[in-house]
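For reference, the structure is listed below as structure tokens.
The values are calculated or read from the model by the stated rules, or taken from the named source; none is laboratory data. Note that the structure is predicted; figures quoted are calculated from it, not measured. Quick reminder, even Gly has a Cβ in these numbers, built from the backbone with ideal geometry, and neighbours come from all protein chains shown.
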């Protein structure tokens, strides 16, 4: 590989993942046996492996290959790769062990329908993991880092129908994902301080990083991310639970590769961020505690995978501890340790998987004596275990030797050395006991459970663990020394300066060797007494279990969730109270009271002016408004309350007339009446029992209860605020509107209107009007939808009444609610509609010069129609006024008319909705005062839309009932009332 | 480009709605027409955005040809057009989803016209340069949204719509009080003109009221804590296609409002506004996240999650640096796509359940029969949690980065915790629906909603995660424009 082709290992593996996906989804999957499929996939990872080892030698001089593309140039972010010996070592492990695991997984999952999914995830993981160790900048690193978390999640939960798999997966994701977020923040701070996101820059800015006052923050965050990923105490708790993954995944992710991502990150950053007091203490302490905890807890386990998981944790602790040191020897030990651990641990995991696969259990209390049935597995397990125990001539021995050598390095004070060395010796002894237990309880002795049957696994399955197991032995071969420069170069990359690595097993009788002997002796003792030791361990309750911390974190979230959802309980009154008070708080926050206080201090009561009579009228209207508004709240009957509200609106009309604001007054009066009519029709539409129930409820709310005080407080605070606004507006108002003079000046010459309000509505602010009529039209459509369709949820199927039973047929021509109406009222109705139409037409034609416009004209027509509904009832009105069924069409045509006239203006005048006088353009002979202009079209359109919308409302509200039953019941009720009346009249 | 074209994103869907009203008896034609209209409008909006972005000059349409403060100006600056494109994109997808949706709502005669007017209201509110006109457009939005939810198949639809309508009226009142206060004080409704005048004279006694009221109004629109109460109830009850639009783009009106408040209208009060936004945002992150964790229903989970995600955006606006505002815009855009897709997927699952509901008691384990939907949902979950390679990661990374630059570490730390909660609730939902054992005896319908729309959205989610440069560049440019309020002012009212 050269710099330009650096991405190939990652790409190849991802292509492999894609290949797995395609095969998995295609019918080809049926033809391909799983072992063969997995072997084919292994070719991809093996190619990556070959690429890696072919390039590694060129990196021995300590140089790094860098590849990058501009990814987010606007932020200066690149996607880049950084490939030095350290990366090469990890790629070697990831792709090498990955190849073996793939072959192994093919055997392990034989007969599993969904194996392709597992293999697909495995390759996705592999690609991400290679990405992590080759990433050249923090963003790339993070992307792949999260990739490993997610694929690990999917792999652990592969057997998703088991609760423990789901739980274990979630726990791993929650802890490593949470760590990932912290790490991202930490790395972003690192990049911020270093002035670049790429490792080249970061590694050169060590000085700046270490001296930054943010150093503790970034160290804590980055270390937190690394610790969670690498299962450091106390975040180690996810790793044992992750053992619910199928064994190939455990062997690969949770011992050999993914859990070393945190180690890798710390190594990568060590030259820049290491060599400080904080770094030393944090890593040494956390790593040391993890080492001891893992070793101690491992001995307790009965499950072979759990035992291996804890010993992995212990080893990871060792690595973290080593990175914390400032001595060359530590990094030598680190690199050797990583390699040794990856080899023996993956071998052991795979053997345990074989045992599990072939016997159906991995519980040491049921196993035993398997050496006869599974001789090859026995040998492989023994080699792995010896390496794990740190016995010569295996790789593990060398790792322990170098580790001890680092611990007794002369730069440490005697006390530090003493503590470190004894911790390592204790952990080593514990690990040795576990190794012994693993081999002895499984393969030696007598079978403890006769029901467990075993036979040896097929050879390809044995091949996978055999290779790393045998490699653990090769260190004693003479030509093992050829890899020394590779390892030295990797160690140097992590340390920052050159490191000397030698693979000599025999370095003479020195302190490390003596300590090693001590550890072995101690371990053998522990192994011999393991029954007692384990019994003693089990007697000590796990007083400090960090699982409880995890669980209580989740419980805390759940408790918060409970309260959050409780507050959101659907009580509108509570919602409103909180929102209104918050609004008051917000307004106060912006210091709104200060100007008010000033104003009030200078407030003088206005002196009565000459127009005394008008003033009295004003005061009367005001009192009237207040009284009627209060009445609308206090009155008990719904109908009366509605009338009171309407009266209050009329009071406002009076005020507007006095202002004088005739246009506003006119609109207000017609709208007020229309609103009343609609409300009354809606009431008539409600079934009586429902109305009664609503009234009772209102009465209950009005009676005194403690909550009323609170409600009163909320209402008063909002009321006070709005009063304050009004008062402030009133007192500080001398300012003249800036736009009014323009309107006054230009209404006639430019818009052709003497009525400024008219000009504002259809010319100056025509867009407002267009949208307003859309709102109005949609309100009608909405009411139609609600009454015809929303009601279906409540059992109303929306069938229309077609045929009525004969006895009640005659009631069809009754007014609304079955009221009998006199012919005098009929005459009035006959008269009102044509009159309304004439008024409407004048309003439209002369709206530009006089009060009144399309809107009022539309409402006036609608009121007349509403009157017809009241007087003649639904069927009769529909029969007499057939155009009423084109309700939505009127809305539509109205809107389209505005759009078309606006577009016409755009084509002729160049601007949408600009004024245009067609009459003048075409020199049409038109009556005086009437202009055929866009304004006229607009008024027509408004009128149409309003009539259409109100008709929609009336058609739905005036309808006697949606279902046959409802209509029948309603009419029968009317017939009954009528009979009663007749009886009374007679009696 | 001719400034007249700026009216088209409003006009096309509005005319489309009017025509669709006429097609009430030909439902299939009406549905196709609606989709065609919205897509046309989307194309126009994208072209407008492209033009404005490339020319570096805002398009301003003085409607009716009336000069600036006197008529109504439509202002197509980058922010407005980004918001418009985002909204119309998601609304188009919502309509596409509705076409293949089993909800009976989609069969009602005026469902599609109302969907279009919802789009008109939202688009117009973003485009208008007149604060009263904004109020009017917002009303169109509210009335359409209310009806669309009230007719939902969900039995709580009508109740929820009532609540929403009521609270929206409250928001409208606040908005109107603010508009009135501003008009009384400065005699103009044009936002650019207002901004310039407020800059000259900030001592008007009604100005603080106006800020407070406007803030409350936008906090309601944007479901910001503690003005969020309507949001989870209302959104959950809405029909899936409507929910997908409401919970993704409609709430962004509040976000837009805050951006205009802090970068245009109230420069002097901006620090105070920003402080409030940060607090409200953090509260929203936690409240929304916890609510999403605790709730009983997948759609409701996503509705709560909206509140949480909006919290992140609010904090971004609250930091107020050019980078954090860009981050907020990117976050808003990305969240819209993810959330809409997720909701559609939850709706798809619900459409297969025996009773149409996304409650976990009904949908648990149903996903086992819908593996493809599961893959999509998983990708969406990653997006919400901000994990690569989705665009959610870009949002989160940008936001974190801007927080570090703003040196605002406490909110940043809390946001980190909030992100972890996001992971909890999305993964829990995924686990429940796709991994757990179905409730015994539960029925599974053979056909359900079509997943084309969420698939397209998620492809976009991935595309914008892998190649984020255009969006980020656009957001950065938008943020640069916003940094100088004078640009907006001169574009609209001249010097």
Problem set entry | Residues located in segment B:59-86, provided they are more than 14 Å from residue B:5 (Cα to Cα), more than 7 Å from every other protein chain (Cβ to nearest Cβ) and assigned to a loop (DSSP other than H, G, I, E, B) | B:67, B:68
Problem set entry | Flag if residue A:11 is under 21 Å from residue A:461 (Cβ atoms) and either at pLDDT below 90 or surrounded by fewer than 21 Cβ atoms within 10 Å (Cβ to Cβ) (or both) | no
For this session: For residues that are without any contact (Cβ under 8 Å) to a residue 60 or more places away in the chain and touching a helix residue (DSSP H, G or I) at 6+ places or on another chain (Cβ under 9 Å), scanning just segment B:1-17, find the one that is nearest to residue B:110 (Cα to Cα).
Result: B:15
Exercise. Got at least one residue in segment A:790-799 being at pLDDT below 80, within 7 Å of another protein chain (Cβ to nearest Cβ) and closer than 30 Å to residue A:681 by Cβ?
Worked result: yes
Problem set entry | Residue in segment B:467-490 that is free of Cβ contacts under 8 Å to residues at least 40 places away in the same chain and under 23 Å from residue A:154 (Cα atoms) present | no
Problem set entry | Test set (1) under 18 Å from the mean Cα position of the chain (by Cα); (2) over 30 Å from residue B:331 (Cβ atoms) - residue B:30 fails condition number | (1)
For this session: Having 1 or more residues that are away from chain B (no Cβ under 14 Å) is the bar; report the helices (runs of 4 or more DSSP H) wholly within segment A:74-168 that clear it.
Result: A:85-108, A:115-134
Exercise. Only one residue in B:314, B:337 is part of a helix (DSSP H, G or I) and either over 30 Å from residue B:271 (Cα atoms) or without any contact (Cβ under 8 Å) to a residue 60 or more places away in the chain (or both). Which one?
Worked result: B:337
Problem set entry | The listed residue being away from every other protein chain (no Cβ under 13 Å) and either more than 23 Å from residue A:781 (Cβ to Cβ) or touching a strand residue (DSSP E or B) at 6+ places or on another chain (Cβ under 9 Å) (or both), out of B:89, B:35 | B:89
Exercise. How many residues are crowded, with 22+ Cβ neighbours inside 10 Å and either more than 10 Å from chain A (Cβ to nearest Cβ) or in a helix (DSSP H, G or I) (or both) if we restrict to segment B:262-275?
Worked result: 5
Problem set entry | Leading residue by the ranking (surrounded by the fewest Cβ atoms within 10 Å (Cβ to Cβ)) among those in segment B:469-495 that are within 14 Å of residue B:129 (Cα to Cα) and in contact with a strand residue (DSSP E or B) (Cβ under 6 Å, 6 or more places away or on another chain) | B:491
Exercise. So, of the residues in segment A:907-929 that are within 22 Å of residue A:856 (Cα to Cα) and crowded, with 16+ Cβ neighbours inside 10 Å, which turns out to be nearest to the other protein chains (Cβ to nearest Cβ)?
Worked result: A:913
Seminar exercise, completed: In segment A:856-896, residues that are in a helix (DSSP H, G or I) and away from chain B (no Cβ under 14 Å) total 28
Seminar exercise, completed: Within segment A:191-201, restricting to residues that are part of a helix (DSSP H, G or I) and within 10 Å of another protein chain (Cβ to nearest Cβ), the one that is surrounded by the fewest Cβ atoms within 10 Å (Cβ to Cβ) is A:192
Exercise. Does any residue of segment B:96-107 turn out to be at the interface with another protein chain (Cβ under 8 Å from one of its Cβ atoms) and without any contact (Cβ under 8 Å) to a residue 60 or more places away in the chain?
Worked result: yes
For this session: Please go through segment A:139-150 and pick out each residue that is under 18 Å from residue A:88 (Cα atoms) and buried (at least 24 other Cβ atoms within 10 Å of the Cβ).
Result: A:140, A:141, A:145
For this session: Enumerate the pairs (first residue in segment A:148-167 and on the phi > 0 side of the Ramachandran plot; second residue anywhere and assigned to a helix (DSSP H, G or I) and modelled with pLDDT under 90) with beta-carbon separation below 6 Å, excluding pairs fewer than 6 apart on the same chain, so at least 6 apart or on different chains.
Result: none
Exercise. Only one of A:347, A:329 is closer than 23 Å to residue A:503 by Cα, assigned to a helix (DSSP H, G or I) and modelled with pLDDT under 90; which?
Worked result: A:329
Exercise. Based on what the data block shows, is residue B:355 outside any helix (DSSP H, G or I), free of Cβ contacts under 8 Å to residues at least 12 places away in the same chain and out of contact with any strand residue (DSSP E or B) (no Cβ under 7 Å at 6 or more places or on another chain)?
Worked result: yes
Problem set entry | Residues located in segment B:128-144, provided they are more than 24 Å from residue B:161 (Cα to Cα) and more than 9 Å from every other protein chain (Cβ to nearest Cβ) | B:129, B:131
For this session: May I ask you to list the residues in segment A:874-912 that are within 49 Å of the chain's Cα centre (by Cα) and more than 27 Å from residue A:762 (Cβ to Cβ)?
Result: A:885
